[in-house]
Amino acid sequence: MRDEVFKKPIKKQFEFDESVASVFDDMIARSVPFYSVSTELIVNLLAKTLAKNAKVIDLGCSTANLLINLATKRPDLKLFGIDNSAAMIDIATNKATAFGVKINFSKEDILRAKFNKFDCVILNYTLQFIRPIKRAEFVRKIYENLNPNGVFVFSEKLIYEDKFLSANLIEIYENYKEQQGYSAYEIAQKRKALENVLIPYTQKENEQMCQDAGFGLVECIFKWANFASFIAQKGKK
């Protein structure tokens with residue numbers, strides 16, 4: 001379905017409810033530049049480097065695009081997906097069934113969920129929705145629950161320290177969204193709905209947060225303006 005959530009006046013802050021879940025695949029494809037490219041890069045990297053029968057969990061898995069793609073390339077992997085939206089989990093479960101892949105899904109708050117001894121933890125555009133006061137603690141929890149040499153892969157929307165650069169990149173991004181078919185009204189409505197809900201960090205802040213949690217290696221593997229994907233590895237300097 002086509003994303004038309006913000007064609008009408010907003011009545012609440014942004015949340016991943018049924019109306020968003022039903023159009024999520026279209027929304028993220030048109031809202032996050034090169035989303036399919038960055039996702040494919042992550043999948044190919046994990047498919048190439050993860051050990052046989054490795055355990056992988058996607059926290060905030062939404063409709064499971066990444067997990068399903070990974071499952072088709074590495075059917076040996078033990079895959080898990082968690083999301084706090086029942087609508088997202090329903091769609092993800094149906095998609096996984098349609099693709100004939102085995103993924104264990106559960107509806108949970110990722111901040112309270114128990115996960116341990118995983119080889120890979122994925123958070124794609126999820127940390128930015130966690131309140132800053134809880135964010136560093138959660139990344140530390142991820143580090144502690146990874147196996148030795150485990151990897152943490154995440155994607156985030158970024159802010160820039162330089163105000164002039166930031167303003168120009170925001171304008172370029174909004175032009176990009178207009179080229180994807182969103183009206184200026186829809187863009188403004190979504191921006192308003194996301195205020196105080198999506199709180200981005202700078203690239204340096206994201207990298208430092210991982211280093212403070214204990215990760216030895218932290219690298220940016222994809223970036224377009226305000227959007228980036230990172231990999232952090234436990235036990236590697």
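The values are calculated or read from the model by the stated rules, or taken from the named source; none is laboratory data. Bear in mind that the values here come from a model prediction, so they are computed numbers and not experimental data. We place every Cβ from the backbone using ideal geometry, glycine too, and count neighbours over all the protein chains shown. These area figures cover heavy atoms from the full protein model, side chains too; ligands, DNA and RNA do not enter into them. Shrake-Rupley method; radii C 1.70, N 1.55, O 1.52, S 1.80 Å.
Annotations
- Counted residues, the stretch 147-170 - those being more than 14 Å from Glu205 (Cβ to Cβ) and under 19 Å from the mean Cα position of the chain (by Cα): 5
- For the stretch 170-180, the condition of being of a type in the set (A, V, I, L, M, F, W, C) and open to solvent by less than 60 Å² (accessible area, probe 1.4 Å) holds for none of the residues.
- Test: residue in the stretch 139-146 that is touching a Leu at 6+ places or on another chain (Cβ under 6 Å) and either within 22 Å of Ser36 (Cβ to Cβ) or surrounded by 13 or more Cβ atoms within 10 Å (Cβ to Cβ) (or both): no
- Any hit, the stretch 48-70, residues being part of a helix (DSSP H, G or I), under 18 Å from Leu146 (Cα atoms) and open to solvent by 10 Å² or more (accessible area, probe 1.4 Å): yes
- Enumeration of residues in the stretch 205-230 that are among the small types (Gly, Ala, Ser) and in contact with an Asp or Glu (Cβ under 9 Å, 6 or more places away or on another chain): Ala213, Gly214, Ala228, Ser229
- Among the residues of the stretch 227-237, those that are at pLDDT 95 or above and more than 16 Å from Thr49 (Cβ to Cβ) comprise Phe227, Ala228.
- Filter result for Glu186 (more than 24 Å from Ile231 (Cβ to Cβ) and crowded, with 16+ Cβ neighbours inside 10 Å): yes
- Extreme residue, least open to solvent (accessible area, probe 1.4 Å), among residues of the stretch 201-219 that are under 23 Å from Phe164 (Cα atoms) and of a type outside the set (Val, Ile, Thr): Asn206
- Test: residue in the stretch 203-225 that is more than 25 Å from Val37 (Cα to Cα) and modelled with pLDDT under 90: no
- Residues of the stretch 71-101 that turn out to be out of contact with any helix residue (DSSP H, G or I) (no Cβ under 7 Å at 6 or more places or on another chain), outside any helix (DSSP H, G or I) and either in contact (Cβ under 8 Å) with a residue 24 or more places away in the chain or open to solvent by less than 50 Å² (accessible area, probe 1.4 Å) (or both), as a count: 6
- Count of the stretch 112-129 residues, restricted to those that are modelled with pLDDT of 95 or more and β-branched (Val, Ile, Thr), is 2.
- Extreme residue, farthest from Phe129 (Cα to Cα), among residues of the stretch 3-44 that are open to solvent by 50 Å² or more (accessible area, probe 1.4 Å) and modelled with pLDDT of 75 or more: Asn44
- Single residue of Arg112, Arg131 found to be without any contact (Cβ under 8 Å) to a residue 24 or more places away in the chain, open to solvent by 10 Å² or more (accessible area, probe 1.4 Å) and within 27 Å of Asp90 (Cβ to Cβ): Arg112
- Restricting Lys134, Lys223, Lys141 to residues that are over 26 Å from Lys78 (Cα atoms) and in a helix (DSSP H, G or I) narrows the list to Lys134.
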